[in-house]
Amino acid sequence: MNRTALEVPGLRRLLAPLVGRQRLIVAARFERHATSLFDRLERLYGDREDFAAWSIDLMETIGRLHAERPPALLALDERRAAEPGWLAAQTMLGYSAYVDRFAGRLEGVAERIPYLQELGVTYLHLLPFLRARAGDNDGGFAVSSHDEVEPRLGTMADLGHLTEKLRAAGISLCADLVLNHVADDHPWARGAAEGNARLRDYFLVFPDRALPDAYERTLDQVFPIAAPGNFTSAETLGWVWTTFYPYQWDLNYANPQVFTECAATLLRLANRGVEVFRLDATAYLWKRLGTDCRNQPEAHWILQALRAIVEIAAPAVALKAEAIVPTRFLPPYLGVGAEAAPECHLAYHSSLMAALWAAVARQDARLLRQVIAETPPLPPGCSWLTYIRCHDDIGWNVLRSDIETFDRDAGSYLQDVAEFFSGARGSFARGAAFQAQGAAAVHGTNGMAAALAGLESAADEAQRAAAVRRLQLLNGVILAFGGLPVIYMGDELALGNDRGAANPPATQDGRWLHRPHLDPALLDMRHDRASPAGAVFADLSRMIAGRRGIEALAANAPRELAPAENRCVLALKRGGNFLLLGNFSDAPVIEPLPDGEWLDHLSGEELRGTARLEAWQSLWLRRAAASDGRPSTSEPAPPACP
Ligand code: OTU
């Protein structure tokens, strides 16, 4: 197929519904992105007979949806095109919440905008709010309609009003695009089950167990106890691919119509004012026999094609990869690597998140240093999403290969960490193991940050203060690391576990332990520094405000590990004049400082020569004078216990 031959009719169909200046603008964008778009589409679907007709229809769909884009968003498209680095700025701060748990309904979220502004939030991720499956629905990740808001939470009109208000407040809305699967009661799944052959081809359906068994030989399991296996028997269809819960049917991206549906869903929501899409479970989009069916090249081509479409039709939009995989698999999602092309703007750094907690459990920062050393610099405009908690469990297995660089027995290492957070051996943590039965199994850990950091078990003032310092230490790293830090709702107020969701059987979803409602009493306490809620809120607010003024903390500014003498210390340099020191241990330590005068941004204290770090204390040091006498290294420093 001659590519240019398709681009010409494609462009014509794309522009057909557009007039005036918008026609010229879109034509210019097409000029820049069409080659990569058609290249990826051809790689994916070029050997199909209907490829030419399909790809031209896709252009028509894109043009039609662009024609519906409201003027305010067209203006935003132009603004963003002029500031491609917006997500990487150190002024960006994220917040993630379930609509109902945060504010009841979408209208309630709008009422909480002043609170978000007080915290400094510029990016709000609302967990899935589209119509979800009746009954169990994985917290909304089983979507039944892409064109309706879940009635409990509001309406499409409410969504439009909310995005308008958020935009006016300088807050970008991030929404989930659950592109890997739909609910079994979505019209596509219903149609397939009722015998519609066109819709059956939207799913991965097998008449018997032959192929499912062959695939299973190399597949992992996301919910090994609550949802074992990757296939579900559906009466009229046979076996349907279901990576997650049996009621979440994986979509068949080998069918180009599925790609069109996905692109159209994205553009329709973008026209409602969604500015960032959290592309759920991106690693799983393409299946290949004999592999773990994650991170396949085709999954990247799909994302690259979506990116090109966004560049043409809604360039204000940013894409975020939710790929919970070891760090070495992440760069391609951000357009880094041999065969890479622009793909997502953001990617979750789940290894950093898990390694932070592992450092707390082991009182040892070596794994954390290893993960940071392995984190490559990103192209301009891209950013890591840094976080300490989210609505999911802390998945430990992403860390295996990093642990193996210094400890052959990654299994025992992680087992030790997971046990620690479940409260074993007198630990201060009050979390729970997720999808792991028996002492040897390692999967994930549930629990709110405050409970994991020791607030729930704290019996006296000293223990409470230690827990608050642990939270400040962890939050300090995600704020200073160089990325878009996202606070999980309630963590800013040391909100604890949802006690009503404690101790469910492993066959149920234990993640509800850390999905509590925002407690209005804690909100009221936020300015009372004597309360844990107020102390955490004050620490966080101080760091957020400080960060805003430090350009060296932007995502694209240089990051480097500095040597640390104590194994429990993380020393992270941002440029020549900013040094984060964090003590991941319950004993005070002395760390030598690089030459010169240093000023702790958090306490205002002046330091020279050495720094004494109390248990779990962190310092944000800024150089008072110039010149850095001390060499830095990206090697993990040698162990030397306090
Ligand atoms: C994502 O998660 C969501 O964040 C989960 O809440 C959903 O259950 C899931 O997709 C299905 O939609 O593997 O790469 O706790 O880390 O399920 C995506 C396990 C995922 C999650 C995992 C995850």
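The values are calculated or read from the model by the stated rules, or taken from the named source; none is laboratory data. Treat the numbers as computed from the prediction; the structure is a model and nothing was measured. Positions of Cβ are generated from backbone atoms using ideal geometry, with glycine treated the same way; all protein chains shown enter the neighbour counts.
Could you tell me whether region 403-418 includes any residue that is touching a strand residue (DSSP E or B) at 6+ places or on another chain (Cβ under 7 Å), under 24 Å from residue 279 (Cα atoms), of a type outside the set (Lys, Arg) and not in a loop (DSSP other than H, G, I, E, B)?
Looking for residues that are touching a strand residue (DSSP E or B) at 6+ places or on another chain (Cβ under 7 Å), under 24 Å from residue 279 (Cα atoms), of a type outside the set (Lys, Arg) and not in a loop (DSSP other than H, G, I, E, B), one finds none in region 403-418, hence no.
Restricting region 126-146 to residues that are part of a strand (DSSP E or B) and aliphatic (A, V, I, L, M), which is nearest to the ligand (Cβ to nearest atom)?
143
Being outside any loop (DSSP other than H, G, I, E, B) and away from the ligand (no atom under 14 Å from the Cβ) is the filter; apply it to region 233-252 and report the residue that is surrounded by the most Cβ atoms within 10 Å (Cβ to Cβ).
Ranking the qualifying residues of region 233-252, first place goes to 240.
Need at least 2 residues that are of a type in the set (A, V, I, L, M) and touching a residue at least 24 places away in the same chain (Cβ under 8 Å) per element, so show me which strands (runs of 3 or more DSSP E) inside region 500-589 make the cut, counting only ones lying wholly within it.
569-574, 578-583
Looking at region 298-321 only, could you name the residues that are within 16 Å of the ligand (Cβ to nearest atom) and without any contact (Cβ under 8 Å) to a residue 60 or more places away in the chain?
The answer is 299, 300, 303, 319, 321.
With the structure loaded, tell me whether residue 198 is more than 15 Å from the ligand (Cβ to nearest atom), surrounded by 14 or more Cβ atoms within 10 Å (Cβ to Cβ) and either at pLDDT 95 or above or in a loop (DSSP other than H, G, I, E, B) (or both) or whether it fails that test.
no
Output yes when any residue across region 325-334 is among the charged types (D, E, K, R) and touching a strand residue (DSSP E or B) at 6+ places or on another chain (Cβ under 9 Å), and no when none is.
No, region 325-334 has no match at all.
For region 147-190, enumerate the residues that are of a type in the set (A, V, I, L, M, F, W, C), within 16 Å of the ligand (Cβ to nearest atom), part of a strand (DSSP E or B) and within 20 Å of residue 317 (Cα to Cα).
174, 175, 177
Give the residues of region 94-115 that are closer than 26 Å to residue 553 by Cβ, surrounded by fewer than 22 Cβ atoms within 10 Å (Cβ to Cβ) and touching a residue at least 24 places away in the same chain (Cβ under 8 Å), sorted by residue number.
113, 115
Please tell me if residue 339 is in contact with a Leu (Cβ under 8 Å, 6 or more places away or on another chain), touching a residue at least 24 places away in the same chain (Cβ under 8 Å) and either under 24 Å from residue 512 (Cα atoms) or in a loop (DSSP other than H, G, I, E, B) (or both).
Against the criterion (in contact with a Leu (Cβ under 8 Å, 6 or more places away or on another chain), touching a residue at least 24 places away in the same chain (Cβ under 8 Å) and either under 24 Å from residue 512 (Cα atoms) or in a loop (DSSP other than H, G, I, E, B) (or both)), residue 339 does not qualify.
From the set of residues in region 116-125 that are part of a helix (DSSP H, G or I) and in contact with a strand residue (DSSP E or B) (Cβ under 9 Å, 6 or more places away or on another chain), which is surrounded by the most Cβ atoms within 10 Å (Cβ to Cβ)?
Within region 116-125, the match that is surrounded by the most Cβ atoms within 10 Å (Cβ to Cβ) is 116.
Pick from region 388-431 the residues that are surrounded by fewer than 18 Cβ atoms within 10 Å (Cβ to Cβ) and among the hydrophobic types (A, V, I, L, M, F, W, C): which of them is nearest to the ligand (Cβ to nearest atom)?
424
Could you check, for region 72-87, whether at least one of its residues is exposed (fewer than 15 other Cβ atoms within 10 Å of the Cβ), acidic (Asp, Glu) and modelled with pLDDT under 95?
yes
Any residue at all in region 553-569 that's closer than 30 Å to residue 443 by Cα, in contact with a helix residue (DSSP H, G or I) (Cβ under 9 Å, 6 or more places away or on another chain) and surrounded by fewer than 19 Cβ atoms within 10 Å (Cβ to Cβ)?
no
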